[in-house]
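Comments concern the structure below.
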Amino acid sequence: MSRPTSKTDLISAAAETYEKLTAMVDTMTDKELSIPFQFENDAGKKEAHWQRDKNLRDILIHLYEWHQLTLHWVHANQNGDAVPFLPKPYTWRTYGNMNVMFWKKHQNTSLEDAREMFERSHRDIMEMIETLSNEELFSKGVFPWIGNSALGSYFVSNTSSHYNWAMKKLKAHKKVVRAME
C-alpha cells in the first residue's frame with residue numbers, strides 16, 4: 001500500500017494496518033510472548049530500537065506514547081498553546097533518548113495494560129483524524145505550527161507506518177522463536 005495522501009486513504013490505511021497488527025498479536029503463542037526479543041546477532045538490525053524493545057509490551061507502549069505525542073501536540077496547538085511536536089529537551093536528533101525514556105517509564109506496565117492503552121490511543125487518534133478535513137490533513141500551510149509539512153504526514157507516521165514497523169519487528173521475533181525449536 002502506498003503512503004496515504006488523502007483523509008480517506010489515511011483512515012483506510014490506519015484501520016487496515018491496525019487490524020493486521022492486532023490480528024498478529026492475537027495469534028502470538030505463549031512461547032512467543034514469553035521469550036524476550038533476541039536480535040543482537042543479526043547484523044541487519046543495527047538501529048537502536050532492535051536492542052531497546054524486548055517484548056510485545058515494549059512495542060505497544062512505544063506506539064501508545066507516539067500516539068500521545070501526536071494527540072497532545074494537535075490539541076495544544078489547536079487551543080492556541082504553541083508547543084513543538086517533541087517535548088523539551090528532545091529534538092529530532094535526540095528523539096532516540098526520548099524513546100528510551102518511554103521504555104524505562106513503562107517497565108512495570110503489564111502487557112494487558114499496554115494493550116488497553118494502545119487500543120484506546122488508536123481510537124483517540126482515529127477520532128481526531130475524523131474531526132479534520134482532507135485539506136487540514138494534507139494541504140501544507142493550513143496550520144502555521146506545522147511548518148512546511150502537512151499534518152496528515154504525522155498521522156501517517158504514527159499510525160500505518162508505525163504499525164508496519166511493529167509488525168516487521170514481531171515477524172522477526174517469531175522467526176527467531178521458530179529457529180529455536
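Rolling a 1.4 Å probe over the protein heavy atoms of the chain, with every protein chain left in place, gives an accessible area that is 51 percent carbon and sulfur.
Think of a 1.4 Å ball rolled over the protein heavy atoms: segment 1-155 then has 55 Å² of accessible area per residue. For segment 69-122, the list of trypsin sites (Lys or Arg not before Pro) that fall in a loop by DSSP and count at most 12 other C-beta atoms within 10 angstrom reads ARG93.
On average over all directions, what projected area in square nanometres does the chain have, based on the convex hull of its Cα atoms? Numbers along the way, then the final one.
Values: hull surface 43.8 nm².
Orientation-averaged projected area of the Cα hull: 10.9 nm².
Length gained on full extension, ARG123 to GLU16, computed as 0.36 nm times the residue gap minus the Cα-Cα distance: 37.2 nm. Inter-part distance, segment 77-104 to segment 111-151, computed on C-alpha centroids, equals 16 Å. At 7 Å along the Cα-to-beta-carbon direction for both VAL176 and GLN68, put a label point, then send me their distance in nm to one decimal. Taking the simple label geometry, VAL176 and GLN68 are separated by 2.5 nm. Taking the Cα centre of segment 7-161 as reference, the dipole from Cβ charges on Lys and Arg (+1) and Asp and Glu (-1) amounts to some 640 debye. Sorting 124-134, 37-47 by average packing, meaning the other beta carbons within 10 Å per residue, from highest down gives 124-134, 37-47.
What Kirkwood Rh does segment 27-127 have if only Cα atoms enter the pairwise 1/r average? Answer in Å. Provide the component values of the computation, followed by the final result.
Working: mean 1/r = 0.0662 Å⁻¹.
Evaluated on segment 27-127, it is 15.1 Å.
Report the residues of segment 3-26 in range of a label on GLU135: point 7 Å along Cα→C-beta, backbone N strictly under 17 Å from it. Answer for this model: 6-8.
The values are calculated or read from the model by the stated rules, or taken from the named source; none is laboratory data. Note that this is a predicted model, so its numbers are computed, not measured. Don't worry about glycine lacking a Cβ; one is built from the backbone with ideal geometry, like all the others, and counts go over all protein chains shown. Side chains are part of the model used for accessible areas, which takes the heavy atoms of the whole protein and leaves out ligands, DNA and RNA. Shrake-Rupley method; radii C 1.70, N 1.55, O 1.52, S 1.80 Å.
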